[in-house]
Amino acid sequence: MSSGGELALRQEYVVGEEIGRGRFGTVRRCYAVDTGEALAVKSTPKAPLREEAGDALDLALAEQEPKLASALASCHRRGVAHRDVKPDNLLFDGSGVLKLGDFGSAEWFGDGRPMTGLVGTPYYVAPEVVAGREYNEKVDVWSAGVVLYMMLSGTVPFYGATAAEIFESVLRSNLRFPPRAFASVSPEAKDLMRRMLCKDVSRRFSADQVLSTQPSSSSRFAPVSAATRYAGHPWIVSRGGTVAMG
């Protein structure tokens, strides 16, 4: 957080004790000066982000993708939908273990009721949410598919200059894999993204299906020195000096 941002925060809130820590940020309890309401604030220093940016971050996130699917599957089995899956809400603890955070938009669906309401973040929100229809927990799978697409390509699958344009692109759901960005991404990974980013909810994968998906043993790899730490991950391939899960 910048010094100006911290000053503005402390003018309206009393910042208290640390209640959580991830790889790229710290969460502290805070209290509104006017009302005394207890909240939580997450701060992320810019320097560590610059130091960890680029290939190293892509590597770390790529290795953790199955754990995101596992976290979502666990939530869904308990009848909870996160509804705002995005990179900002993927945190790492001191041991580098992935944590899915910020359940402020989460909803209980365990009684079988469909969910409603425009909730989420434009680039990651599912088309049925944008359309104003009832939806189920598979909106999280869509969002996780967008995260996976971004890890592999460095860009979003559905782009727009404004929120309205992004929503229009999401509603069209015209999924493409530009050759330059996906040259070394395996067919298995592309197929998985198609199933995660399927507009037809009945055909879209569940989190359990994503978790159970395995690449074929015939997948070809081109490991480089930067990838040796992740050699055990079956979807890591070389891409022009960077490494992606594909």
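Structure above, values below:
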| item | result |
| --- | --- |
| Subset of segment 117-157 [among the charged types (D, E, K, R) and closer than 13 Å to LEU72 by Cβ] | GLU137, LYS138, ASP140 |
| Residue count, segment 130-154 (criterion: surrounded by fewer than 24 Cβ atoms within 10 Å (Cβ to Cβ), under 28 Å from ARG180 (Cα atoms) and more than 12 Å from the chain's Cα centre (by Cα)) | 2 |
| Residues satisfying the stated conditions in segment 161-188, i.e. under 15 Å from VAL130 (Cα atoms) and among the aliphatic types (A, V, I, L, M) | ALA163, ALA164, ILE166, VAL170, LEU171 |
| Residue in segment 85-94 that is of a type outside the set (Ser, Thr, Tyr) and over 17 Å from SER43 (Cα atoms) present | yes |
| Test: residue in segment 159-172 that is more than 16 Å from ASP140 (Cβ to Cβ), in contact (Cβ under 8 Å) with a residue 24 or more places away in the chain, buried (at least 16 other Cβ atoms within 10 Å of the Cβ) and small (Gly, Ala, Ser) | no |
| Flag for PRO122 being modelled with pLDDT under 95 and surrounded by fewer than 13 Cβ atoms within 10 Å (Cβ to Cβ) | no |
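The values are calculated or read from the model by the stated rules, or taken from the named source; none is laboratory data. Note that the structure is a prediction, hence the values are computed from the model and not measured. In this analysis, Cβ positions are derived from the backbone assuming ideal geometry, glycine residues included, and neighbour counts consider all displayed protein chains.
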